[in-house]
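Asks: Starting off with a structure, shown below.
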Amino acid sequence: MNDHQIGTYKFVASPFHVDFMGRLSIGVLGKHMLNSADAFALERGFDLAEREGEHYTWVLSRLAIEWEDWPRTREEFSIQTWVEKVYRLFADRNFAILNKEGKPIGYARSVWAMISMENRNPVDLLTLHGESLANSVCDRECPIAKPGRIKMSQQTPVSEYVTKYSDLDINGHVNSIKYIEHILDLFSMNTFKEKTLKRFEIAYVAESYYGDTLSFYLEEKSENEFDIEIKRNNQEVVIRSKVIFK
């Protein structure tokens, strides 16, 4: 592995980016990871693509994060990212979260696809970015499990939410990090006082839009493990997620 294969990006947990416990919020961490992935791709020439007049962009398909510790208020930390594997339609990208001493305190695994901005269909990565992506593939280990399959049986929603302006991204769809924040809002303040978030998984199944009604289904698998499903307008599943506390 070399510097070309691993990107390192420095951040600070500002007072406006931490939760009521003084720990970096998962929403901000998620945004920093996505920005790091974008910077990595931009620096290596595969951030966006255009072919025969059609424009393509990266979308996040799956994400799993695990922590041992959190950056605290005003602490410096870094995010490292690298490409683990490239398939025809998907690419596996990993992350390491390092504290101010440079020690890993968390890891993440993610799966990405590149889609057409016109019809939302996926594109063949090996055709568009074969060489540049292949040169970025790194054999560095990521010591957490890949995202698993989540199956729900719960039929009664525990919450509903109508999407608003602040939920939308540059494409006019609900931002991927907003789903994470809405899912964590299903748990009480006391939960975060008494327990520590250990692992978070999310699978992006479909997109939702301004004014959609999101219904949240919650299923307790054990004392500290919960599965969540989000449907739009009581029909299509848009998100499946797993939250594990310790």
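The values are calculated or read from the model by the stated rules, or taken from the named source; none is laboratory data. Predicted, not measured: the structure shown is a model, and the values here were computed from it. Counting neighbours? That spans all protein chains shown, and the Cβs are built from the backbone with ideal geometry, glycine included. Keep in mind that these areas ignore ligands, DNA and RNA; they rest on the heavy atoms of the full protein, side chains included. Shrake-Rupley method; radii C 1.70, N 1.55, O 1.52, S 1.80 Å.
Asks: Could you please give the count of residues in the stretch 217-246 that are open to solvent by less than 60 Å² (accessible area, probe 1.4 Å) and either under 23 Å from Val162 (Cβ atoms) or in a strand (DSSP E or B) (or both)?
Replies: Number satisfying all stated conditions: 19.
Asks: Quick one: in the stretch 197-216, which of the residues that are in contact with a Phe, Trp or Tyr (Cβ under 9 Å, 6 or more places away or on another chain) and aliphatic (A, V, I, L, M) is surrounded by the most Cβ atoms within 10 Å (Cβ to Cβ)?
Replies: Among those that are in contact with a Phe, Trp or Tyr (Cβ under 9 Å, 6 or more places away or on another chain) and aliphatic (A, V, I, L, M), it is Ile202.
Asks: Looking only at the stretch 179-196, how many residues end up being under 11 Å from Ile230 (Cβ atoms) and either open to solvent by 80 Å² or more (accessible area, probe 1.4 Å) or not hydrophobic (A, V, I, L, M, F, W, C) (or both)?
Replies: 2
So that you can scan it fast, the table gives a plain yes or no per residue for (1) part of a loop (DSSP other than H, G, I, E, B); (2) modelled with pLDDT of 90 or more; (3) within 21 Å of Trp67 (Cα to Cα):
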| site | (1), (2), (3) |
| --- | --- |
| Gly106 | no, yes, yes |
| Met114 | no, yes, no |
| Glu131 | no, no, no |
| Arg140 | yes, yes, yes |
| Ile144 | yes, yes, yes |
| Thr156 | yes, yes, no |
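Asks: Within the stretch 102-132, count every residue that is out of contact with any Leu (no Cβ under 9 Å at 6 or more places or on another chain), among the polar types (S, T, N, Q) and surrounded by 12 or more Cβ atoms within 10 Å (Cβ to Cβ).
Replies: So the count comes out to 2.
Asks: Could you please let me know if Phe187 is part of a strand (DSSP E or B) and without any contact (Cβ under 8 Å) to a residue 60 or more places away in the chain?
Replies: Judged against the criteria, Phe187 is not a match.
Asks: Among the residues of the stretch 33-43, is there at least one that is assigned to a strand (DSSP E or B), modelled with pLDDT of 95 or more and either open to solvent by 20 Å² or more (accessible area, probe 1.4 Å) or closer than 30 Å to Ala134 by Cβ (or both)?
Replies: Within the stretch 33-43, not a single residue is assigned to a strand (DSSP E or B), modelled with pLDDT of 95 or more and either open to solvent by 20 Å² or more (accessible area, probe 1.4 Å) or closer than 30 Å to Ala134 by Cβ (or both).
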